[in-house]
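Q: Below you'll find the structure I mean.
Since every read-out is calculated from the coordinates, none of them should be taken as a lab result. None of the values given here were measured: they were computed from a predicted structure. All Cβ positions, glycine included, derive from the backbone under ideal geometry; neighbour counts span all protein chains shown.
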Amino acid sequence: MSNLKMKEAALIYLDRSGGLQKFIDDCKYYNDSKQSYAVYRFNVLINPSDIVELDAELGNHILHQPLKAAQVFQSVCYIAVKTLSLIGQLQTETQINIVLKLTHLPPLPSYCLDLCEFPRDYTSQRFYTMQGIVIAMTTVTKYTQGARFLCSDEACPLSKGFQYIRVHVPGATESATVRSDFLCNLCSSSLQEDRKFRVLGDKQIVEIITAKSLHAFQGCCNNQPFRFQSLTVFLRDESVNKMNIGNEYKVIGIPACVKTSQTAICIEANSITFCIPKVPSGISDNFRCLLSLTSSSCWKFTAILANIFASQIVPPGTYNLLKLCLLMSLVQTSDRNKELENCLDILIVTSDTILIDRLLNFSINLVPRGIRHSVSTEIFPTLSRNKYGTGAVSIQAGSALLAKGGICFIGDLASHKKDKLEQLQSAVESRSITVYISGKKFGDDVDQQMTFPVQCSFWSFLDMDSPSRRNIQKTNMLIGQMDCSLIPANLVEAFALLINCNESSPCHPLLPTVQHTLKKAIDPEGLLYLASKQFTTEDFEKLLAFAKNLNVEFSLEAERMIHGYYLASRRIRTDSICGSKLSASALKYLVSLSEAHARLNLRNKVLKEDVLIAALLFETSLTLKYGAAVFCVAPNAVFPFEQYDEEYLEQRDVYLTECQQQLQQFIATYGPGTAIFASDE
Ligand SMILES: [Zn+2]
């Protein structure tokens, strides 16, 4: 009786939700094809809230016994097919395969499968929701959606018709659906599959990890051993190719225990949604106060930010140029699923690798996707044979794809092998990586290739003090040029910013750093400076999260200035032999740097003051790469003075205003519309 009541409720729900009309349309498609199948597959969209309101029992059934609930809908749909003559070819109810697609689950803890908690429930075969980041995925292969079996004894009535229909159910392996040892219920003869009726679907296997396990990649474990396990998600049919490596998704699915060569808990995905993180509504009071105090200037706020940033690692006032660049690179990260075009790669040349390493490690922890690449893993995707024995090839993410939308800190550039550096250079230049799947190697007929976008900024450093580097003869160096031999010049050029962080370079007074290190050794947890108390690490995290989500647009003046500087710069750095030293990506970097400075200022509009900082940073980097040119920028142009009280900030503004006039003069002389080097255009 109760079953009949549920069927009634199911029909009413289908009718009211528009599901019935969709079902009728789907039937028409099958009917028009005139082809006869073993099973006819239908998706039914279910909104659990609506259904519970309509009929609590049916709602409960769907949430807690989805496979049985699907049978209720199967029977309702079969009656509809028969009474309305929807599919001529369809003969039995078992040929209807209903897949219930849930819009959501009740937001209650008992419906969440926490990937961090053990043991997990995988026996109750009901819906759970879980959230994770894709770290590996296979190529798409086929699976059997449904098959028709016939009794092998021709005298048996079941040697004809559609009585023995096997349909894939969540968690079942291929051999559960099609096998050769099924027996006839009537005469116990063996059953044989009627192969021409087999229905194939697409299948893809994805591995996800909880976002929490990313901490293991952020270098905050102090080299303590850690272990985390991924969860396998089966995507079928319309869900195939819905997930991308590196993205975080919320998955509704039914857990199952799959026994192949090893027993594994996996999830049959039912619905997948991309996770959009919450944007903080504002910044801390202290930052807000600082912002309003400095509102008269376009440069003061970011100068103070750079000055006090990471005071846990380096004393305020040191490494300001580097810290400003790190903040700008961090603010150009994105948690959204959009193309990250404006990344800022940073290469630091230093003689103090320990300190730089600490500073960079600290910084990547401030964004959700700061990945510290460890030498034992791969930067780029690698291939392996899929462990579920499905013939598919599994593609493992690697650090760069895992850092999607964030920062991938790859440590000392010289620690990577030559072939990896070549791969890195190509990835930085093309912002994509292609993997080749050799058919011969992985038992497939054809070779395949897959291309993944590389949507992160790379941070790396070069140790100038390494023994192999110290004895290099510095020959043919131009004024201001940095000696980066041992690393291919093309790779150094590929990084948007090259930053010099040696003791001899500006902003790196030795004494405060030594004092800082000694104090930290005595009291590791102590907050040494007032700034560390006023502006905590959490405050910076919140500030970055807020700033990176700002939509910025360029003012006309700023846009003109960027183009002017880019074209002028291209001209003066062009020679008849090598052509221009500035690639087309230079313009992209200038745009990104300007945007970053505006964002860090919590502004929606990019002003020419932001472009100035971008141009100064970029020119400083160009000077290190190729030597000084006509637009001569002092190495300490962005932070000309060592102390940062109010008076000095005022002086810096005056200094930067002069720089701006020089930049405008430079553009006027060498920029577009001027006659010099006109042949180059
Ligand atoms: Zn039989």
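Q: Can you list the aspartates and glutamates whose alpha carbon is less than 15 Å from that of K250, not counting same-chain residues fewer than 8 positions off?
A: By straight Cα distance, K250 reaches D114, E207, E268, D335.
Q: Have a look at S292, Y655, N551 and report the one farthest towards the positive end of the charge dipole of the chain, computed about the Cα centre with Cβ charges (Lys/Arg +1, Asp/Glu -1).
A: Projecting each Cα onto the dipole axis, the largest value belongs to N551.
Q: Right, here's the next one. Which one, I24, S583, Y111, is farthest towards the positive end of the dipole of the chain when Lys and Arg carry +1 and Asp and Glu -1 on their Cβ?
A: With unit charges placed on the Cβ atoms, the residue in question is I24.
Q: Checking the cross-link filter: which lysines have an alpha carbon closer than 19 Å to that of K417, excluding same-chain neighbours under 8 positions apart?
A: Within reach: none.
Q: How big is the charge dipole of region 67-156 about its Cα centre, in debye rounded to the nearest 20, if each Lys and Arg gets +1 on its Cβ and each Asp and Glu gets -1 on its Cβ?
A: It comes to approximately 220 debye.
Q: Working out 0.36 nm times the residue gap between N241 and V52, then minus their Cα-Cα distance, what length gain in nm do you get to one decimal?
A: Separation in residues times 0.36 nm, less the Cα-Cα distance, equals 64.9 nm.
Q: OK, next. Can you sort K142, K418 from fewest to most other Cβ atoms within 10 Å of each residue's own Cβ?
A: Fewest to most other Cβ atoms nearby, the residues stand as K418, K142.
Q: Simple spin-label model, 7 Å along Cα-to-Cβ: F228 to N286 in nm?
A: About 3.0 nm separates the two model spin labels.
Q: Provide Rg over Rh for the chain; use the alpha carbon set for both Rg and the Kirkwood Rh (inverse mean inverse pair distance). Intermediate values should be presented prior to the final figure.
A: Numbers: Rg = 31.2 Å, Rh = 29.0 Å.
Answer for the chain: 1.08.
Q: Roughly how big is region 495-635's charge dipole about its Cα centre, with Cβ charges of +1 (Lys, Arg) and -1 (Asp, Glu), in debye to the nearest 20?
A: On the way: 16 positive and 14 negative charges, 76 e Å.
Here region 495-635 has a charge dipole of around 360 debye.
Q: Describe numerically, in nm with one decimal, the distance between label points set 7 Å from Cα along Cα→Cβ at I79 and at E525.
A: 6.8 nm
Q: Okay, moving on. Multiply the residue separation of S110 and I577 by 0.36 nm, subtract the distance between their alpha-carbon atoms, and state the gained length in nm to one decimal.
A: 161.2 nm
Q: Also, quick follow-up: Expressed in nm to one decimal, what extension gain is obtained for the pair I354 and E93 from 0.36 nm per residue of sequence separation less their Cα-Cα distance?
A: Working: separation 261, 0.36 × 261 = 93.96 nm, distance 6.96 nm.
Stretched fully, the I354-E93 segment lengthens by 87.0 nm.
Q: Sticking to Cα atoms, compute the Rg of region 369-430 to one decimal and its Dmax as the biggest Cα-Cα distance, whole number, in Å.
A: Calculated on Cα positions, Rg and Dmax stand at 13.1, 39 Å.
Q: Which parts of region 275-312 would a label at Q515 reach, counting a residue when its backbone N lies under 16 Å from a point 7 Å out along Cα-to-Cβ?
A: The answer is 308, 311-312, whose backbone nitrogens lie closer than 16 Å to the label point.
Q: Among all the lysines, which ones have a C-alpha under 25 Å from K5's C-alpha, if same-chain residues fewer than 8 places away are not counted?
A: Correct list for K5: K22, K68, K82, K101.
Q: On to the next question. Can you give me the distance in nm between label points at C156 and D465, each placed 7 Å from the Cα along the Cα-to-Cβ direction?
A: Here the answer is 8.1 nm between the modelled labels.
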